[in-house]
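> Pasting a structure below so you can have a look.
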2 protein chains.
Amino acid sequence: MQTTDKPTTRYTHRHERAVAAAAAIFANKGYHGASTRDIAEKLGIQQGSLYYYFKSKEAALEEVCLTALRGYVSDIESIAHQPGEVESKLKTAIAAHLATYEHNNEAMKVHNEQRLYLPKERRKQLNMLGSRYRQQLEGIFCEGVSSGQLREDIDCHFTALSLIGLCNYWGAQLLRNPTLRPEDVTENCADILLHGCLARKAATSDIEPQTDTQVN
Amino acid sequence: MQTTDKPTTRYTHRHERAVAAAAAIFANKGYHGASTRDIAEKLGIQQGSLYYYFKSKEAALEEVCLTALRGYVSDIESIAHQPGEVESKLKTAIAAHLATYEHNNEAMKVHNEQRLYLPKERRKQLNMLGSRYRQQLEGIFCEGVSSGQLREDIDCHFTALSLIGLCNYWGAQLLRNPTLRPEDVTENCADILLHGCLARKAATSDIEPQTDTQVN
DNA sequence: GCATTTTTCTATAAACCTATAGATTCTATA
DNA sequence: TATAGAATCTATAGGTTTATAGAAAAATGC
């Protein structure tokens, strides 16, 4: 285990490779379905040697999830704080979310599907990052409502969560189906979310009253 | 194992209980994280006795997934074949989808999250049912476009999949958070999907009475 | 109440899995 | 090139898991 203040670049590099290998294996087989031997094999080392990089299998899962979220959260924060129209912010946010799947696809999938197998204590940091993401996104929707760019009767919390659900769904599809183009998916998601799929009637007054219940 | 042509109601009943127990355990711990001992314990029998009902753990997973899909598919088919406005059909479809989560919640969750751990051969029937569901839903969207009730520039395939993704996301939330009301979630999902969240530019109709000359 | 069938139990084989300890090889630097 | 420390290997303890076989108990039909 590396303990000096100046971690060797060699260790850092190998450690990253180990996290990536764990991500790939966990994404394919699931946390419990994967063995430490599988991960070691992918790295070309022996099963026992893996414990030089991870204190435990569980710690490996936590690291994979954390690497998935870090960039993802800082992305949305910079998007939310930039000036600009809400509509374009949302499109950028969707594009960034899906792009994360392109670059860090396995780790994101692991985070979404396997994170709950971590004990609660180990999920604290993860939950914080997740909340930050959600809040920033929700903030964009609120801003849109205040400024009149978005319908005033939408439930920002619900809508933000829905967008996350939608992006995660399509992110997983992108991972499974390489012929899907992220730009197309982004375009389509934004279109549905912003405009809906109902035809515009001549009258524009058909906004439904909505039971604005607090969700979650 | 039950082999006679007239299966005892007793066996049938107990078998159903076994499938439900497997669904609950798989939903909580994941397929690989769950042991046959866990399932047997939930049923109040010994681990070995479980094999009277299931040929293997894998077969149990397949059965759970199948029970989840069966009702769900026949629901959408009857909805799609009924006459009526596309808008109301879609709302009914969303409500039915989420209701499945209410009644059969654990099995649905298992289908969505664990099904890929089945080997391909075992997924054939599952894939067929899934395709039927998707096709019916897509058909509703296509019908809406043809009849002019939905925008003609939406991608029906993409939109149908998005709706499935959205419903599955909220279905899982419903399972985790019992304070969520399915009717509210249905309402909100339908609203976003149909109307989007962008403000209608010309729609000032809340305040100004709308005259027929005021067209945009 | 007896015989038959259904259902459950017990015990176990064979495989696999995580994590650790100590030996060994590699790498970089003085 | 000698040496310290980093990185990996080997071997294994201790535990869990699936699935099976045969005995035992429970339910059913007559």
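Read the figures in this text as sums done on the coordinates, not as results from a lab. Computed from a predicted model, the values in this text were never measured in an experiment. Using ideal geometry, Cβ is built from the backbone for each residue, glycine included, and neighbour counts are taken over all protein chains shown.
> Give a residue-ordered list of calculated ³J(HN,Hα) values for segment A:172-183 (Karplus: 6.51 cos²θ - 1.76 cosθ + 1.60, θ = phi - 60°; whole Hz; x for Gly, Pro).
With the stated coefficients, segment A:172-183 comes to 5, 5, 4, 5, 7, 10, x, 7, 5, 9, x, 5 Hz.
> Taking the dipole about the Cα centre of chain B, with the C-beta of Lys and Arg at +1 and of Asp and Glu at -1, give me whichever of B:ASN188, B:SER49, B:SER88 is farthest to the positive side.
Looking along the dipole axis, the top candidate is B:SER49.
> Go ahead and estimate [θ] at 222 nm for the protein assembly as shown from helices alone: -39,500 (n - 2.57) per DSSP H run with n ≥ 4, summed, over the residue count, rounded to 500.
Working: 15 runs with 281 residues, N = 432.
Calculated at 222 nm, the ellipticity per residue is -22000 deg cm²/dmol.
> Taking each residue of B:157-165 in turn, how many C-beta atoms of other protein chains fall within 10 Å of its C-beta, and what is the average?
For peptide B:157-165, the averaged partner shielding equals 5.
> Now for a separate question. Averaged over its residues, how many other protein chain Cβ atoms are within 10 Å of peptide A:25-34's Cβ atoms?
Values: counts 0, 0, 0, 1, 3, 8, 3, 7, 6, 1.
Mean number of neighbouring Cβ atoms from other chains: 3.
> List, in order, the whole-Hz ³J(HN,Hα) value for each residue of segment B:91-103 obtained from phi through the Karplus relation with A = 6.51, B = -1.76, C = 1.60 and θ = phi - 60°; use x for Gly and Pro.
Whole-Hz 3J(HN,Hα) from phi for segment B:91-103: 4, 4, 4, 4, 4, 5, 4, 6, 5, 4, 5, 5, 7.
> Quick one: give the max-minus-min coordinate of the C-alpha atoms of segment A:88-153 along each principal axis, largest first, in Å.
Extents along the principal axes: 42, 27, 16 Å.
> Which log10 I(q)/I(0) values, to two decimals, does chain A give at q = 0.07, 0.16 Å⁻¹ under the Debye formula with one point per Cα?
Values, matching the q order: -0.28, -1.10.
> Lysines near B:LYS109 by alpha-carbon distance under 21 Å, same-chain residues fewer than 8 away left out - which ones?
The reachable lysines, counting only those whose Cα sits under 21 Å from B:LYS109, are A:LYS29, A:LYS109, A:LYS120, B:LYS29, B:LYS42, B:LYS57, B:LYS120, B:LYS124.
> Here's something else I'd like to know. Calculate one ³J(HN,Hα) per residue across segment B:141-147 by plugging θ = phi - 60° into the Karplus curve 6.51 cos²θ - 1.76 cosθ + 1.60, and present them in order as whole Hz with x for glycine and proline.
Per-residue couplings from phi come out as 5, 4, 4, x, 5, 4, 7 Hz.
> If I take every Cα pair under 8 Å that is 6 or more residues apart in chain B, average their sequence separation and divide by the length, what percent do I get for the relative contact order?
So the answer I get is 21 percent.
> Something else now. Across peptide B:147-156, what mean number of C-beta atoms from other chains lies inside 10 Å of a residue's C-beta? Don't skip to the end; give the middle numbers.
Details: counts 1, 2, 4, 4, 8, 1, 4, 8, 6, 1.
Neighbouring Cβ atoms belonging to other protein chains average 4 per residue here.
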